[in-house]
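Okay, structure first, notes after.
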Amino acid sequence: MARILLSMSPASGHPVPPVPTALELGARGHEVLVRSGSADLGSLRIADLAAAAIAPRIGAIRVDDWRASN
């Protein structure tokens with residue numbers, strides 16, 4: 001089976017939408033690793049996903065794209 005890496009923004013709420021997909025891929029026998037901000041690791045692990053923190057330099061980037069206009 002495949003080895004799949006899901007790398008997500010450390011912004012609040014960003015890891016939530018891909019969780020069902022990650023769980024389904026794992027249920028189908030794929031090896032899935034989720035990389036996200038350290039604040040999200042506990043929730044991802046509770047969901048029974050292998051999770052690791054993104055690089056500290058990435059986590060330190062201020063996420064303020066929500067302020068931009070469309």
**Item:** S9 being open to solvent by less than 80 Å² (accessible area, probe 1.4 Å), part of a loop (DSSP other than H, G, I, E, B) and either of a type in the set (S, T, Y) or on the phi > 0 side of the Ramachandran plot (or both)
**Value:** yes
**Asked** Which ones in the stretch 31-60 are out of contact with any helix residue (DSSP H, G or I) (no Cβ under 9 Å at 6 or more places or on another chain) and either in contact (Cβ under 8 Å) with a residue 40 or more places away in the chain or assigned to a loop (DSSP other than H, G, I, E, B) (or both)?
**Response** A55, I58, A60
**Prompt:** Taking the stretch 13-30, which residues are closer than 19 Å to D64 by Cα and either surrounded by 12 or more Cβ atoms within 10 Å (Cβ to Cβ) or in contact with a helix residue (DSSP H, G or I) (Cβ under 8 Å, 6 or more places away or on another chain) (or both)?
**Reply:** H14, P15, V16
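The values are calculated or read from the model by the stated rules, or taken from the named source; none is laboratory data. If you're wondering where the values come from, they're calculated on a predicted model, not measured in any experiment. Virtual Cβ from ideal backbone geometry, glycine too; neighbours counted across all protein chains shown. Protein only, heavy atoms only, side chains kept; ligands, DNA and RNA dropped before computing areas. Shrake-Rupley method; radii C 1.70, N 1.55, O 1.52, S 1.80 Å.
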